[in-house]
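See structure below.
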């Protein structure tokens, strides 16, 4: 899971966090698209190709804390 | 000159004055020594005179006793000095420092220095002392003796177990034997000894000790304790784990792999209480992977664990599901296996027909990808069933030799290992291209032995003398063998065989110069094989060519020699450490891949060809040959160049498939039979070998009946079919990719076909691939030349160049070859992996798709009950369901929920998530 959550392909051999493509950093458009289509594109770090677009199957739940 | 006093109480009691170089005995076992000893260990090192009288002179009247005490005190002061005993009122106290073995023993125990403690414990406390009137002292000494002895036993047991965990089996069995000898009536000590012997793989000695234990129990009219009954049964059933013969007593201890051994045992301990784990051992050939797994097997089995050991064989690489079937058979033997569902049982019977003796089911008829999927799921279910009650260890050796389908199954099992109660230890060579190890897995790399390790291997078999050659032997062996344990043992055997070294209780070197030149020239393995008799070498070549365990009967057939002669030669080869029996009905195999490689290299290509031909012929002549072994026999015939024999095997194939009379079906049979050895010439030759009645199908017969002219036309078509397809006019997928993520997966395989859709074997055209439409580009090799009518693009990445928000524009990839119709493929037209929330609640609030949200208090915990719908197009892949909140530490807050069955067009899962909520604001769980 850490690879998906960090937007890293296993070819990188370790999860790379905080490089802008972590699932926690998904844009509202990516989140909306996940709920609309059941998947959303994300930039995933691959070695040696670098960042490549990969479709990730996902669904999103909004939690509002007051 | 400094003088100290040493009180010896363990073993033979005495008090010594320890002047350096000149120890002097002051008291042997006597009442003065007893008095000093009592005071030395008494609280405050003091005691009342009445107490001392009671201890040592209770047989006389009090006045006489007090006089005798005064005389004894005088004597002690004479020997130890006036300060030795101080008298205060009615008390006596010890006034000098005394070093005592008893105090040192207890201090070593407290410090955890168990080996030092055992070294100090030289016998029972104050043994063999008795004197008139000293009953009280004897009683006191008894109690102290009992306490120290219990400590000693505990140290022995702890040390034995510590050595077991560190693979120091020789030490472990010594400690355990001492413990057993210390109290032969204690069953727990016998059990530990048996456990150590079984762990060391010495089932012979274990059998002897077990018999002694049973006799002792019978003599005493005792019933064995339940744990003893279990271990006795294990001893009776024990046979050495799939063993490779080490020969003589060399390499009896696991040297240089203690850390890895301990790591695997630690993983096993964790599996006992937690989810399953995967330990991957990676090392080049000859560095001890198999030995490590074998020792782990023995250790776990000796402890009563459920262990399954399976090993992939080089020759089985082309037998589809071969390794998976071996694994299923091993696991299927475990208790609980009958608990699998009927569907799983059917798939398992299809995978490994022999398992039907345990699982009552008919073989599942599924084929292709569906068979792979079902068998993967069935093995997962089988593992879950057998590990339901207690953990199971899978020791999987040489997985780099596993056939491709088994490798896929293994990968899926390992991805879901955390869902089971299984420790899977896989051993493989580097660069076998497997996925990185899963979360929570352990990766171990075996390193070559250093000089100390090489020396330790030698000292494990015998002591090294303090001579010049012995001081540097470790360094020279490490240099000569590259630190490979296998080559090290081969070098030592070569030295022993030639008398350059001798080994009794210790190593001797009659001629250091000869040893030096032997080590300098290296290649011990080659020289040992060269020194074999020609017939022994031929037999070794046969076994090496077999590439998989081969029975003695088949070896007799292949070698065309009498059974007695083959048995004698096998015994010689086994004694030399070249071959071993795999411990089951499977048969003989070369002791190590490196030995096999060296034997084959020395034999040369002609001898190898002969051996393959002999093996193929022998296999086919064996009435016990199973259907799954046919590819192996064919492989040997092909490698042996026995083309004529292949045609008769092909005839057998056709006979076994009645009713199939079309040329295409016969060609398919030929391709299936030849497997990776299929060439155009070979297939054509086989097709030509068919009886003429079979070469003309039903349609052609009708044509024949219609008239001569039509008959000629039919023959023309027939000749064309035999001679090969027409010119290539189109390209088609032999294997179509499923995804571009971004690598095209699986790798597309393009076939060049004629108008009738037949593969054109002779086609060598180039095939190009390009993006015909859409915002994407291809990376990797985009042009490949066909061989035997096929092209594989295995390094192709499809990189989308549009932005994330715009992504989704169709992309069309086109495969082209000159003069042929192009072939198009679009990733957007494929089934997609999707995940939707169908319904659910979060903290009892209903979640409403498509944009579910819930309001909670800041810092509240979250309990979400989610019903999910998903699509997963991947076949036999490991698809995991998990989540990540956008709050908290993202590096640790993600979570894995469960693996998903795949492929599934419309899957449903219900999951319950519990996690801490966000402190405030708006966040999301994805």
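Label separation (residue B:502 vs residue B:447): 3.8 nm, computed from points 7 Å beyond Cα along the C-beta direction.
Remark: mean inter-chain Cβ contacts per residue of B:862-872 equal 2, using a 10 Å Cβ-Cβ cutoff to other protein chain atoms. Relative to the current alpha-carbon distance between residue B:74 and residue B:662, full extension at 0.36 nm per residue lengthens the span by 200.0 nm. Expressed to the nearest 5 percent, the antiparallel share of DSSP beta bridges inside the protein assembly as shown is 75 percent. Taking R0 as 35 Å, what FRET efficiency do you get between residue B:147 and residue B:466 from their Cβ-Cβ distance, rounded to the nearest 0.05? The value I calculate is 0.30.
If R0 is taken as 45 Å, the Cβ-Cβ distance between residue B:735 and residue B:916 corresponds to a FRET efficiency of 0.45. Gain on full extension, evaluated as 0.36 nm per residue between residue B:851 and residue B:233 minus their Cα-Cα distance, stands at 216.2 nm. Looking at the square roots a ≥ b ≥ c of the eigenvalues of the Cα gyration tensor of the stretch B:101-228, which shape do they give, rounded for a/c under 1.5, prolate if a/b is larger than b/c, or oblate? Since a/c reaches 1.5 but b/c is at least a/b, the shape of the stretch B:101-228 is classed as oblate. Modelled label positions at residue B:363 and residue B:747, each set 7 Å beyond Cα in the direction of Cβ, lie 3.1 nm from each other.
Per residue, the average separation of C-alpha pairs within less than 8 Å and at least 6 apart gives chain B a relative contact order of 7 percent. Here residue B:777 and residue B:897 are evaluated by their C-beta separation; at R0 = 45 Å the FRET efficiency comes out at 0.80. Centre-to-centre, using Cα atoms only, the stretch B:455-527 and chain A are separated by 58 Å. The angle between the Cα long axis of helix B:258-273 and the longest principal axis of the Cα atoms of chain B comes to about 80 degrees, rounded to the nearest 10.
Computed from label points 7 Å out along Cα-Cβ, the spacing between residue B:218 and residue B:889 is 6.3 nm.
Taking the C-alpha atoms only, the angle from helix B:643-655 to the longest principal axis of chain B is near 80 degrees. Report, in degrees rounded to the nearest 10, the 0 to 90 angle that the Cα long axis of helix B:680-689 makes with the longest principal axis of chain B. Between helix and principal axis, roughly 70 degrees. Inter-chain Cβ neighbour count for B:882-894, averaged per residue, equals 6 (cutoff 10 Å, partner chain atoms only). A full extension of the chain between residue B:755 and residue B:572 corresponds to an added length of 59.7 nm, given 0.36 nm per residue minus the alpha carbon distance. Gap in Å between the Cα centre of the stretch B:191-228 and the Cα centre of the stretch B:746-785? Between the Cα centres of the stretch B:746-785 and the stretch B:191-228 lies a distance of 67 Å.
The numbers here are math on the coordinates, done by the rules we state, and not lab data. Not measured: the values here are computed from a predicted model. So basically every Cβ, Gly included, is an ideal-geometry build from the backbone, and we count neighbours across all protein chains shown.
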